[in-house]
Structure formats: C-alpha cells, structure tokens
Amino acid sequence: MIGALAGFSVASLLTFGYLSWDWLEPEAASAGRGEPPAGSKPSPPHIIFMLADDQGFHDVGYHGSEIHTPTLDRLAAQGVKLENYYIQPICTPSRSQLMTGRYQIHTGLQHSIIRAGQPNCIPLTNVTLPQKLQEAGYSTHMIGKWHLGFYKRECLPTRKGFDTFFGSLTGSGDYYTHEICDGPKSCGFDLHKDENVAWEYRAHSYSTFLYTQKAVDILASHNPKEPMFLYIAFQAVHTPLQVPTKYLGRYMSIENLGRRRYAAMVTCLDEAVNNITRALKKYGYYDNSVIIYSSDNGGQPLAGGSNWPLRGRKGTYWEGGIRGIGFVHSPLIRNKGSVSQGLMHITDWFPTLVTLAEGELEENLNLDGYDIWETISEGKPSPRTDILHNIDPLYTRVKTRSPRDGFGIWDTAIQAAIRVRDWKLLTGNPGFSDWIPPQTFPNFGGKWWNLERVLWAKGKSVWLFNITADPYERVDLSQQYPGVVKKLLLRLAQYNKTAVPVKYPPKDPRSNPNLNGGAWVPWYNGDEDENYLINSNVGEKPCNVCNAILRFKKPVWG
C-alpha cells in the first residue's frame, strides 16, 4: 500500500554549524510580536514555501533514509505529510506549474527545461502565484533558483510578481563561484539581486548558506503584522556535488563518494531549514505561518540520489521521477501529526495559497490546480481525482510500436503519462525504468547496477498500473485491462485538444555571457520578430562534457 512508502527514523540532534547568530529562545523571541489585538480579525498567514532541488523520494529520514534530516523529520511529524503528492520529473516544469497553477500543455513548456541560452520563458500572459498574492496585499520575496527563463527583462522574477529577488536565473552552477556553462566557451556568472548582477558575492559564498542568510535578513527587516510570501528555491541538492567538508564527517562510512557528498548536502539543507524555522519564531511570524516543503522532481542516482523503493529516476514518468517529498507545517493546521493520502499535485498550490491568502481566483485563470487546504488541514477527501503528468510531442518517439496499441484513439509513440484515480497510464518512452537501491556501494557502476534492470519487448509503448495497489510499478496490467487503457487513452486525447504549441526555440548565440559582461543576463532587445520562438526544432543540446566536469568537481574549500 502507499502508506508503506513512508518509513520513520529516530531524529538525531543536529548541531548549529554554519551560522553564528545570537539566537533568542523561540518562545521568548516571538512573545508579543505580530499578535493581533483582542477581538480583531487575524491577518492572512505568512506563507513560506521551500523547494528542494533533485532530492530523491528516499532521501529524507522519515522515508527510511540513512541521511540525517532531523529538522525535516520533526516539522513533518508535527504537521501533515503528503504521501500521495506529485511533482514533475525535471526542474522547469515543476516550477512553471507551481507559479501558474497550469499544466505544461497549457503554457507551451511541455518539452524539457528552459536552457540558459534559449530565448524562452514562462508565458508573459500567465498570471503568477506571487502576482495574485501581491493583489491580496502580500509582500513577495524570492530567494534561489528561478529557471523559468530570462532572455528579456519582462521574464525576470521581479517582473512576474516578486518584490525582491536574490538568486540564480539558470538551472545549475557552481555552489561557490556561481558560474554555469551552457556549451563550450559559453560560461558566465549567475547570481542576481533584483535585476542586477550580484558581483559582490563572487568570492566563494556557498549558496545554501547564502540563501539562508538572505531569508533571515528578510524576516528580520519585515513587519510580521503584514502578510508575506517567502519563496526559497534552494540550489541544493542539484549537481555539482559540492559541500563544506565538515558535513562529510558523519557519512564517511558511505563508500560511494557521490552518495556521501549528496548525503552531506542534504544534511546541510536540513540545517538551513532549521535556521529559517527558528528565524520565523524569533521574529514573530511562526504562530501565523504556513510552511510548505517540497522537492521539485525525483532524485538522480548517478549523482547520489535515491528514490527507492520507487521505480525510475529524475527525468522519467515512473513514480521515482514524479512522486515528491512534501509536507505542510503550521500552527494553523487542525489535523496536526497526520499523514495525508489525498491525491495532490504541484499545480494545487496556486489556488490553495491564493484562497488561504483571501485573494481572488478569477475564472479566466483556467487553473489546472485545486484548493486542497481542507484536505491538508482537516483530512477531508482530495478534490483531485486525476493528474495529467504530461504530453511531450517532441520527446524521442517509439519507432516500432504497433498502431493497434492506441485503439485508434492515441498515437502511443508519443511520450505521455496520466493518473486517473487508482490507475496510471504511460505511453511512448517513459524513460529509464530500473529500481535502484540506495547507493551504499563503493562505485557508481558495477554489478549492483543490474540488480533490478527491466527489459521490455521491442516496440512496447503502453503501460498500465494500479498505483494504489502497486505503488512500485511492478505489475503491468495493460494486457489484462484493455478497457481501462482505452478510457485513459481517451482522457489523454481530450487533454491534448486543449494543448498549446510547444515553445522550445534553438539556442541564441547572443545569450553568451562573453557578449554580456561575463554574466547570464537578459539579452533580447525587443525589436525582433518572436514568431520563430514557437517551433518543433529541438535545437542545440547543452554541453554534457561541461556539465559532467562540474557535476563531480572536487571541492577545494574547507
């Protein structure tokens, strides 16, 4: 059963390591701050949304991991664990659906991610979550990874609803130098404050520490009586696997170097969450706050992550790529200390949080998300019964499938995935499909890699699973239940009729940081015709060699 996915481990005490603030006791610090006068209407809650990058489903203590995450374990145990919560398999899709409340097929971002050199961004016509919260009277602040495009200034976070922004615009980079490469001789600095390059932070500032300090600075300077939305999109634990050496000590027993570094990065991230939570208490926000923690996609086993016992990995539509870590922690929750099995998706945060903020949700927003607050807070049934995981017409097609697989309803060569109640259907090439045990082995490769490798018949293009009964996707039922397959294919076809054209333009050479002062900044001047941005050309691929070098770059710091 799905409930069996959530294991428990004894939370160990994590010592304050990297911040030397003079903390007050949380209870004493928050006393008398931000409390409304007797009889007055309480103000809308502060919303703190923390998004982890590439954290695998297995990589949190309460899912049975060997990685120490005492803060996440404690906050989840005291709040509501979301154990039927779905995200997207890669970075940009999850972030775009969080910000817009709409599926990828409705924003043109169905395919891959927005790469650093692409003239592409979240559609300017889409109203975003922070814009709706601004309308509701919230101050809005973003810290961390944007990854929703920046080729022109209108795409920047500060133009899409955030009062302030501090972080990176691209998808990944060095944690200390904040440099990223998008091809040979196309490397640049990527750290920004509002709409300016933050050159002053170039000298080895570890991003997890830096983002945490920025979050605390905002909490210290804001009035807790005024509602705030604080979105912290951590770079951790995305590659490259870089972490201060003091976090490695407790994991020296893990022989696999990638897993060891990754585990240390997760523990550092856990400490960051602890310090932000303490700041919420110190500065008087906590009692009227909602803290949400979410991963953005599945873990990458080649880079230390683990989704065990789920099938697949980051970049796939198997459960290991799209089942997320998620919990909500808040004094405002009625059903504290519970586990929710209600079906939820990352698009649901948009209507849920806007409603919680007492904002307006106009009908013309055409949201794909649902308000799930009562499901979280009171344990009521989820209003969601299905999830369109995606339809990607540009992904590599299955070449030798049988046309009969689609019953004349759907071209099963196309990569697509959908969940309807207990049933999940996948078509096309769903991606790498192995079950990969936690990487406690000496090397990245080796015989262990083949322990649970699965091969299917050439040309197979349809899979059906009862996810409620079989959350690990062990038994394909597509042959036993052709009627269910037909119904789900019909749902895919219906969704596809509402899809907008894919927007995935080729790389623009003018994006090269060498032409823009050495940094990744907006380069489009607004005079050109943008019709060429909508096409079906996959375009130039990123420099995998460059990214591989960064991924396992040896740290030289203390």
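Could you count how many residues in region 372-404 are among the acidic types (Asp, Glu), open to solvent by 70 Å² or more (accessible area, probe 1.4 Å) and not in a helix (DSSP H, G or I)?
Our first condition is that a residue be among the acidic types (Asp, Glu); within region 372-404, this holds for 374, 378, 386, 392.
Cutting the leftovers down to open to solvent by 70 Å² or more (accessible area, probe 1.4 Å) gives us 374.
Next cut, not in a helix (DSSP H, G or I) only: none.
Of the residues in that region, 0 qualify.
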Query raised in the report: Which numbered condition trips up Arg404, out of (1) within 27 Å of Pro482 (Cα to Cα); (2) in contact (Cβ under 8 Å) with a residue 24 or more places away in the chain; (3) basic (Lys, Arg)?
Result: (2)
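Could we say that Pro351 is in contact with a helix residue (DSSP H, G or I) (Cβ under 8 Å, 6 or more places away or on another chain), over 30 Å from Lys460 (Cα atoms) and surrounded by fewer than 24 Cβ atoms within 10 Å (Cβ to Cβ) here? Spell out the reasoning first.
Working: in contact with a helix residue (DSSP H, G or I) (Cβ under 8 Å, 6 or more places away or on another chain): no; over 30 Å from Lys460 (Cα atoms): yes; surrounded by fewer than 24 Cβ atoms within 10 Å (Cβ to Cβ): yes.
So Pro351 does not fit the description; no.
Output the residues belonging to region 481-518 that are of a type in the set (Gly, Ala, Ser) and crowded, with 19+ Cβ neighbours inside 10 Å.
Matches in region 481-518: Ser511 only.
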Query raised in the report: Do we find that Gly342 is open to solvent by less than 30 Å² (accessible area, probe 1.4 Å), within 22 Å of Gln134 (Cβ to Cβ) and not in a helix (DSSP H, G or I) in this structure?
Result: no
Requested in this report: Take region 368-408 and flag every residue that is at pLDDT 95 or above and aliphatic (A, V, I, L, M).
Outcome: Ile372, Ile376, Ile387, Leu388, Ile391, Leu394
Query raised in the report: Which one of these is closer than 16 Å to Leu426 by Cβ and open to solvent by 10 Å² or more (accessible area, probe 1.4 Å): Arg334, Arg313?
Result: Arg313
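Starting from residues that are part of a loop (DSSP other than H, G, I, E, B) and open to solvent by 20 Å² or more (accessible area, probe 1.4 Å), keep the ones in region 100-119 and report whichever is nearest to Leu361 (Cα to Cα). Step through it out loud before you land on a result.
Kept after step one, since they are part of a loop (DSSP other than H, G, I, E, B), are these residues of region 100-119: 101-103, 107-119.
Checking which are open to solvent by 20 Å² or more (accessible area, probe 1.4 Å) leaves us with 102, 111-113, 115.
Values: Arg102: 13, His111: 28, Ser112: 29, Ile113: 28, Arg115: 31 Å.
Among residues in region 100-119 that are part of a loop (DSSP other than H, G, I, E, B) and open to solvent by 20 Å² or more (accessible area, probe 1.4 Å), the one nearest to Leu361 (Cα to Cα) is Arg102.
Would you point out which residue out of Ala236, Ala215 is assigned to a loop (DSSP other than H, G, I, E, B), under 18 Å from Ile291 (Cβ atoms), in contact with a helix residue (DSSP H, G or I) (Cβ under 9 Å, 6 or more places away or on another chain) and open to solvent by less than 40 Å² (accessible area, probe 1.4 Å)? Quick ask: steps written out before the conclusion?
Values: Ala215 fails: assigned to a loop (DSSP other than H, G, I, E, B).
Selected residue: Ala236, the only one of Ala236, Ala215 that is assigned to a loop (DSSP other than H, G, I, E, B), under 18 Å from Ile291 (Cβ atoms), in contact with a helix residue (DSSP H, G or I) (Cβ under 9 Å, 6 or more places away or on another chain) and open to solvent by less than 40 Å² (accessible area, probe 1.4 Å).
Being out of contact with any Ser or Thr (no Cβ under 9 Å at 6 or more places or on another chain) and open to solvent by 10 Å² or more (accessible area, probe 1.4 Å) is the filter here, so list the residues in region 141-165 that pass it. Quick ask: steps written out before the conclusion?
In the first step, residues of region 141-165 are kept if they are out of contact with any Ser or Thr (no Cβ under 9 Å at 6 or more places or on another chain); the result is 152-156, 159.
Residues satisfying the conditions are Lys152, Arg153, Glu154, Arg159.
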Query raised in the report: Is it the case that Asn531 is over 24 Å from the mean Cα position of the chain (by Cα), over 30 Å from Asp174 (Cα atoms) and either open to solvent by 60 Å² or more (accessible area, probe 1.4 Å) or at pLDDT 95 or above (or both)?
Result: yes
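Take the conditions charged (D, E, K, R), in a helix (DSSP H, G or I) and within 23 Å of Gly167 (Cα to Cα) and apply them to Asp287. Does it pass? Full working, then the answer.
Working: charged (D, E, K, R): yes; in a helix (DSSP H, G or I): yes; within 23 Å of Gly167 (Cα to Cα): no.
Against the criterion (charged (D, E, K, R), in a helix (DSSP H, G or I) and within 23 Å of Gly167 (Cα to Cα)), Asp287 does not qualify.
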Query raised in the report: For residues in region 187-212 being in contact with a Gly (Cβ under 7 Å, 6 or more places away or on another chain) and of a type in the set (Phe, Trp, Tyr), which is surrounded by the fewest Cβ atoms within 10 Å (Cβ to Cβ)?
Result: Phe189
Query raised in the report: When you go through Phe189, Phe165, Phe150 one by one, which is the residue that is free of Cβ contacts under 8 Å to residues at least 40 places away in the same chain and over 27 Å from Gly431 (Cβ atoms)?
Result: Phe165
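The values are calculated or read from the model by the stated rules, or taken from the named source; none is laboratory data. Computed from a predicted model, the values in this text were never measured in an experiment. When we count neighbours, we look across all protein chains shown, and the Cβ atoms used for this are built from the backbone with ideal geometry, even at glycine. These accessible areas exclude ligands, DNA and RNA; they are computed on the full protein's heavy atoms, side chains included. Shrake-Rupley method; radii C 1.70, N 1.55, O 1.52, S 1.80 Å.
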